[in-house]
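J.: The structure's right below; bear with me while I get my questions together.
Please treat every number below as a calculation from the coordinates, not as lab data. This one's a predicted model, so the numbers in the text were calculated from it and none came from an experiment. A quick note on method: Cβ atoms are made from the backbone with ideal geometry, for glycine too, and the neighbour counts reach across all protein chains shown.
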Amino acid sequence: MKSPATHDVIILGAGAAGMMAAAVAGRNGRRVLLADHADAPGKKILISGGGRCNFTNLRAGPDNYLSANPHFARSALARYSPADFIELVDRYGIAWHEKTLGQLFCDGSAKQIVAMLLDQCTQGGVELSLGHGAGEIAHADGRFSLTLGPRTVSAPKLVIATGGPSIPQMGATGFAYDVARRFGLKVVEPRPALVPLTLGGEDVLFRDLSGVATEVVASAGRARFREAALFTHRGLSGPAILQASSYWRSGEAVAIDFLPDRDTGWLLAEKRARPRATVRSALGSALPDRLAETLAERLALTGNLADLPDKALAAAETRLGEWTFHPNGTEGFAKAEVTIGGVATDGLSQKTMEARNVPGLHFIGEGVDVTGWLGGYNFQWAWASGVACGEAL
């Protein structure tokens, strides 16, 4: 049964960006239909931050995002800042705390963020349609039409907020890219981001350290991140590695400084202070035992420090400060927190998120080629891009 064209805006995707855009447009008097193929809104929000939702980062700014156009996100982020979202959270009495490095989490549950966004949508009179995937989109006479289960709906404005293909077990797909290509927009190659790296070859023995974590500086390309690294049964993970993974490309190396707090010459100083110590025991004073043992074995420096040449110890220091791994891949979209790449920004307005060649068609959130660091940055992009679009509808 066909329904009359009673909507000003159809938003596909009831995640962070979609709900934010719907709430803003609804409060501005637009008749909004917010649709999602899932049976409940905000599913990725609910699992984020261990169920407490790392909803923004105090440090969020354009430099914390990857894109073919690094300036694209600047306008939206400037117009809707972390302080703006915090003000909304505070208005709802949601208690929160800063965990580390500017990362903000709910004291209670991510359900509070979803409930807040739904309430904002209710205030704007947003109609919610759940459990029906969108059929093929038609565009004629300035209107977009599509089916949602048994309904056919249409509106002059269509917003694609369906995200990227990361975490497919929650229903994530490349739908946004299909729509973009259908309407002549380019798509930057999507790949997993904020994702564990897998090891093979000579590095495979490090898998035996599964469960061992330590603070490091991890580098990929020109990017450097100081946080914890975690060895897994498949390779490398932990915040430092997830951050570096967004900058890593197949065939490239990842370098790890295992002792970022040690000054140059520390091993030689250890030799003078404790000549009977071994490289293994010297490392054990700063690193987990199993890791210290493995690194010492790989360095192949046996015996007391007093018996080892200064040149060999200096070389060991250098290697420990830039230990090179050659990942053979990632754990893929199934374990990726977000997707890097997406709808090319050169086809979108940075102020409204509207497609330049298709008036009324907007793309927001993770589906766009804007990818944030780990730690609340991607939620801030969802809020900011959602507000920029919602205000323009």
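J.: According to a simple spin-label model (label point 7 Å from Cα along Cα-to-Cβ), what is the distance in nm between Ala300 and Asp208?
T.: Taking the simple label geometry, Asp208 and Ala300 are separated by 1.6 nm.
J.: Quickly work out the Asp178-to-Arg226 label distance, labels modelled 7 Å from Cα along the C-beta direction, and quote it in nm with one decimal.
T.: Roughly 4.6 nm, to one decimal.
J.: Measuring from a point 7 Å past the Cα of Ser281 along Cα-to-C-beta, which residues in region 294-333 have an amide N at less than 12 Å?
T.: What the label zone holds, given the 12 Å backbone N cut-off, is 303-306.
J.: Would you tally the net charge around Thr330, using a Cβ to Cβ cut-off of less than 13 Å, leaving Thr330 out, and scoring K and R as +1, D and E as -1?
T.: Neighbour charge sum, excluding Thr330 itself: +1.
J.: Whole-Hz Karplus ³J(HN,Hα) for region 44-61, in order, using 6.51 cos²θ - 1.76 cosθ + 1.60 and θ = phi - 60°, x for Gly and Pro?
T.: Per residue, the Karplus-derived 3J(HN,Hα) values read 5, 4, 5, 8, 6, x, x, x, 10, 6, 7, 6, 6, 9, 4, 9, 4, x Hz.
J.: For the chain, please report how many Lys pairs fall under 14 Å Cα to Cα, leaving out neighbours fewer than 8 apart on the same chain.
T.: Taking the chain as the scope, the lysine pair count is 4.
J.: Same structure again: For labels at Ser250 and Asp141 in the simple 7 Å Cα→Cβ model, what's the distance in nm?
T.: 4.7 nm
J.: Right, something else. What's the magnitude of the charge dipole for region 1-78 around its Cα centre, counting Lys and Arg as +1 and Asp and Glu as -1 at the beta-carbon? Answer in Debye, nearest 20.
T.: 120 debye
J.: Grab the beta carbon distance between Ala334 and Ala312, set R0 = 35 Å, and tell me the FRET efficiency rounded to 0.05.
T.: Calculated transfer efficiency: 0.20.
J.: How large is ³J(HN,Hα) for each residue in region 186-203, as worked out from phi by the Karplus curve 6.51 cos²θ - 1.76 cosθ + 1.60 (θ = phi - 60°), to whole Hz, x for Gly and Pro?
T.: 7, 10, 6, 2, x, 8, x, 9, 6, 9, x, 9, 9, 10, x, x, 5, 7
J.: Which whole-number percent is the relative contact order of region 91-189 (Cα, under 8 Å, 6+ apart)?
T.: Relative contact order comes out at 11 percent.
J.: Something else about it: Placing +1 on the Cβ of each Lys and Arg and -1 on the Cβ of each Asp and Glu in the chain, which of Gly329, Ala38, Phe231 has its Cα farthest towards the positive end of the resulting dipole?
T.: Ala38
J.: In whole angstrom, how far apart do the alpha carbon centroids of region 358-377 and region 128-206 sit?
T.: That distance is 11 Å.
J.: Mean separation of Cα pairs under 8 Å and 6+ residues apart, divided by the residue count of the chain: what relative contact order is that in percent?
T.: 25 percent
J.: Continuing with this model, one more query. Residue by residue, what Karplus-based ³J(HN,Hα) values in Hz, rounded to whole numbers, does region 131-137 have, using 6.51, -1.76 and 1.60 with θ = phi - 60° and x for Gly and Pro?
T.: Coupling constants for region 131-137: x, 10, x, 7, x, 4, 8 Hz.
J.: Please compute the net charge surrounding Ala384, taking Lys and Arg as +1 and Asp and Glu as -1 over other residues with Cβ under 12 Å from its Cβ.
T.: Summing Lys and Arg as +1 and Asp and Glu as -1 gives +1.
J.: Can you list the residues, at least 5 places off or on another chain, whose amide H is less than 5 Å from the amide H of Tyr65, using H built in the peptide plane?
T.: none
J.: Something else now. Taking the Cα centre of each part, how many Å lie between region 217-266 and region 292-351?
T.: 4 Å
J.: Helix-only estimate, please: 222 nm mean residue ellipticity of the chain, summing -39500 (n - 2.57) across DSSP H runs of length 4 or more and dividing by its residues, to the nearest 500.
T.: Per the formula, -8500 deg cm²/dmol.
J.: Evaluate Rg over Rh across the chain, taking Cα atoms for both radii and Kirkwood's formula for Rh.
T.: Rg/Rh for the chain comes to 1.08.
J.: Still on this model: Indicate, rounded to the nearest 5 percent, the antiparallel portion of the DSSP beta bridges found entirely in the chain.
T.: 75 percent
J.: Dipole size in debye (nearest 20) for the chain around its Cα centre, Lys and Arg Cβ +1, Asp and Glu Cβ -1?
T.: Computed about the Cα centre, the dipole is about 440 debye.
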